[in-house]
1. Identify, by number, the condition in (1) open to solvent by 40 Å² or more (accessible area, probe 1.4 Å); (2) more than 8 Å from chain A (Cβ to nearest Cβ); (3) within 19 Å of B:Ala151 (Cα to Cα) that B:Gly60 doesn't meet.
2. Taking region B:242-255, which residues are surrounded by 17 or more Cβ atoms within 10 Å (Cβ to Cβ) and out of contact with any helix residue (DSSP H, G or I) (no Cβ under 7 Å at 6 or more places or on another chain)?
3. From the set of residues in region A:81-120 that are under 18 Å from the mean Cα position of the chain (by Cα) and within 14 Å of chain B (Cβ to nearest Cβ), which is surrounded by the most Cβ atoms within 10 Å (Cβ to Cβ)?
4. Could you grab me the full set of residues in region A:101-137 that are at pLDDT below 90 and of a type in the set (Gly, Ala, Ser)?
5. Based on what the data block shows, is B:Arg294 under 26 Å from B:Val196 (Cβ atoms), assigned to a helix (DSSP H, G or I), open to solvent by 90 Å² or more (accessible area, probe 1.4 Å) and basic (Lys, Arg)?
6. Find the residue count for region A:194-228, including only residues that are open to solvent by less than 40 Å² (accessible area, probe 1.4 Å), within 14 Å of chain B (Cβ to nearest Cβ) and outside any helix (DSSP H, G or I).
7. For B:Ser148, only one of the following conditions fails: (1) open to solvent by 10 Å² or more (accessible area, probe 1.4 Å); (2) more than 10 Å from chain A (Cβ to nearest Cβ). What is its number?
8. Looking at region B:104-114, which of its residues are at the interface with chain A (Cβ under 8 Å from one of its Cβ atoms) and within 29 Å of the chain's Cα centre (by Cα)?
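The values are calculated or read from the model by the stated rules, or taken from the named source; none is laboratory data. This one's a predicted model, so the numbers in the text were calculated from it and none came from an experiment. Cβ: placed from backbone, ideal geometry, glycine included. Neighbour counts: every protein chain shown. Ligands, DNA and RNA are stripped out before the accessible areas are found, and what is left, the full protein with its side chains, is counted by its heavy atoms. Shrake-Rupley method; radii C 1.70, N 1.55, O 1.52, S 1.80 Å.
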Amino acid sequence: MLWYKNWLEIRWRAAFSVTMYALQLYAVYRNAGNRPGVVAAMTGAFAYLWILTALMTAGTGIKTQSANLSAAKGLHGSTYFTLSLPVSRSDLFGIRTIMGVLQMAVVIVLANCGLWALFPALHAGTTLGSAVGYGLAIFVCCLGFYFFSALLAVFLDPMWWLYGGLLAIGICWWLTRGVESGLNVFRALQQGAPLITHTIPWPAMGTSLAISLILFLFTLRVIQTREF
Amino acid sequence: MTDFVIEANELRKSYKGAPALNGLNLRVRAGSVYGFLGRNGAGKTTTIKLLMGLLRADSGEARVFGLPSDGATSIEIHRRTGFVTEDKQMYPYMTVEGMIRFTRSFFPKWRDDLAKRYLEMFELPPRRKTAELSKGMQSKLMLLLAISRGAELLMLDEPSDGLDPAAVQDMLRELMSLAAAEGTTIFFSSHQLAEVEQIADHICIIDRGRAVVTGSLDDLKCQYQRVLVILERELSVPVRWVEGAEHVRQEGRTVSILVSRNIDALLAQAESLPGASVERFPVTLQEIFLEHVRTH
């Protein structure tokens, strides 16, 4: 039933993400149409959406169950009810993570299918393999953002978690904008994307995986020991 | 194997340097109905959270069913305990029947018969989302979810909060029958002294993080008495009363004494005062409570 509970919590976020992509697809389609430059326009326009999806998907942790309550009142929402169930905190976080990551994967697949279907110009400029590689690269690169957001959600209330996450990632993006290294995750989502380079950005994906693992283990440790 | 379902030894807990528990000791026997009393901020909720393993003590030890309440064993404690939280908040996106189905899936000893009975008795609308329930309805649902777990121990933090008087009576009756028929241990915190007096067989009064009175309610009521002394004229020098005079209040010629022991010696002392008229009265739980939390 924890799976069901998690699904109920994230379903509107999934719907919101898909709607955002649909609107963005429509906007790119209107502006760039099927001209040859559509690939560059698309990867640029979509990069921030992938990151936003990762941030939003992860932000439903134990702490955010008090979303509709004022912290000043000392209320904790359903947090204590959840923590009093005979389930370990590791399992709670693990199931939440699997559901969130799956949701992110589904949204990315749907958005990429939409891209491929709507923009025949893509077929000329790239291969199906590159498109699949693009989807894979987005997914892996976004895992780092996902786990960063999951960590923030343990400490911050929903509003501050999203603003804080966006601000922190925005600063990182700005600081790394000129870095041409293959390790640059932001670059792998834009000009280094497989749709443009026709190569999988393994170094950036490796960086994201390493960051994800560290953040996952750190967040797990925090959840196991933190008092909510 | 210990007879105590709950044991706390010298529990200490502070929040940002402010002490919430200050060396609390507690023993709750299996099968008892234990009222945990205290003013706001006395440490009741902190104690319950520590016992449930939701918080960690700074020092001291808490055990439930003989198991340390923090760490991995807390899952076993949760499996055997029905818990009503202070906030009474559940998942706002789930319906009443959804919450029942969800909670049921974690407890192999879940009692469908009890869930059905309380659903009808509390008149809970099965299809309504919990966010749309009144505070009283949320309390009732929380109670249903705790009781139906088929738990050996019910840990209830202000269970009557938000309930109307009729619902409080229903709840107390059900708790009493549960304790009598199933041998369930009930540990509950409350401000409502009348309801504690109605069902508790043991109590603990906590003040500023310490237990100031503990024991069987009957024993405490026998032990504590009020002695009223009306003097011929006001005393110029205060009397040094014998040991056992817990609290003494003098207004003019009237002296009111709450006595916890040595009642006969104190009566003799009072009667020896010139022209004194002495009467003794039984005390209520409220009097015991107020005397202890006002002055400690």
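1. It fails just one condition, (3).
2. Residue satisfying the conditions is B:Val255 alone.
3. A:Arg96
4. A:Ala111, A:Gly114, A:Ala117, A:Ala121, A:Ala124, A:Gly125, A:Gly129, A:Ser130, A:Ala131, A:Gly133, A:Gly135
5. When the stated conditions are applied, B:Arg294 passes them.
6. 1
7. (1)
8. Correct list: B:Phe106, B:Phe107.
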